[in-house]
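Just so you know, all these numbers are worked out from the coordinates, no wet-lab data involved. Computed from a prediction, not measured in an experiment: that's the story for all the values here. Please note: Cβ atoms are built from the backbone with ideal geometry, for glycine as well, and neighbour counts cover all protein chains shown.
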Amino acid sequence: QNCETGYSGSDCSLTQAELESKLNLRETLCTSIYNTVAIQDITEDVMKSRCTTLSGLLLDPSQLSNSAIGNCTAALVSTISQAPQYAGLDTVSNLAAGALSNVLGLDLSNALLTNVSAVLEELTSSVQDNMAVGEAQKSFNTDNAHIGAEVVDPNSLSGATFSPPQSSAEQFNA
């Protein structure tokens, strides 16, 4: 982004001092959340809260250090991996998918990207665990991912067709 001299951030609205303050705050918050993962039991409410908080923290890459990206991503991956039974619930799965989408928009190391891919598979599997055979596809259409989960009867697979999830705009233009 080409900002006027003295301003930075994704929308060029921050002075250098404001940007550094936001970078430090996000780094502190990501480190704190990461440190909490190992000592706090995960419940549905904890997962919703973490997904919401981490999604917000990861929204603007210009306000994130590499350390903050690593700690927030690791906290999100660990949270979902430790309790996928909560991640797959209707009340949580959209929040988890949104947070993971924000992570996918960042410049990740290969190791972090591998972990995020694995936890996306866990999320999808957990969503499927909460679905009945024949239930309509559950779709997650986010900025950085389109994921669909569905459970089908293996006996009905012959000749079956599957479509990737589409955003409203994609459906409209189809």
Could you state the angle between the C-alpha long axis of helix 90-104 and the longest principal axis of the C-alpha atoms of the chain, as a value from 0 to 90 degrees rounded to the nearest 10? 50 degrees
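Please identify every one of the GluC sites (Glu not before Pro) in the range 97-174 that sits in a loop by DSSP and has no more than 15 other beta carbons within 10 Å of its own beta carbon.
Working: sites: Glu121, Glu122, Glu135, Glu150, Glu170; in loops: Glu135, Glu150.
Listed in order of number, the matching sites are Glu135.
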Hey, got a sec? Which GluC sites (Glu not before Pro) in the range 1-102 land in a DSSP loop and have at most 11 other Cβ atoms within 10 Å? Glu4
On C-alpha positions alone, give me the angle between the axis of helix 44-57 and the longest principal axis of the chain, in degrees, nearest 10. 50 degrees
Among Val133, Val151, Val103, the residue with the largest mean-square fluctuation in a Gaussian network model of the chain built from Cα contacts under 10 Å is Val133
Which one of Asn115, Ser93, Ala169 has its Cα pushed farthest toward the positive end of the charge dipole of the chain, where Lys and Arg give +1 and Asp and Glu give -1 at the Cβ? Asn115
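What shape does the range 112-151 have by the C-alpha gyration tensor, where a ≥ b ≥ c are the square roots of the eigenvalues, rounded means a/c under 1.5, and otherwise prolate means a/b greater than b/c and oblate the rest? Present the calculation step by step, with values, prior to reporting the outcome.
On the way: a/c = 4.07, a/b = 1.63, b/c = 2.50.
Oblate.
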Note to self: C-alpha centroids of the range 100-134 and the range 79-93 sit apart, in Å, by 11 Å
Between the Cα axis of helix 110-129 and the main Cα principal axis of the chain, the angle (0 to 90°, nearest 10) is 40 degrees
Anyone know which of Leu89, Leu123, Leu19 comes out most mobile in the 10 Å Cα GNM of the chain? Leu19
Convex hull volume per residue in cubic angstrom - Cα atoms of the chain: 141 Å³
Leading residue at positive end of dipole, the range 1-153 (Cβ point charges), from Val151, Ser10, Thr124: Ser10
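Let me have the relative contact order for the range 6-93, percent, based on Cα pairs under 8 Å that are six or more residues apart. Please list the in-between numbers first.
Numbers: 77 pairs, mean separation 31.6, N = 88.
After rounding, I find 36 percent.
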If contacts are Cα pairs under 8 angstrom and at least 6 residues apart, what is the relative contact order of the chain in percent? 17 percent
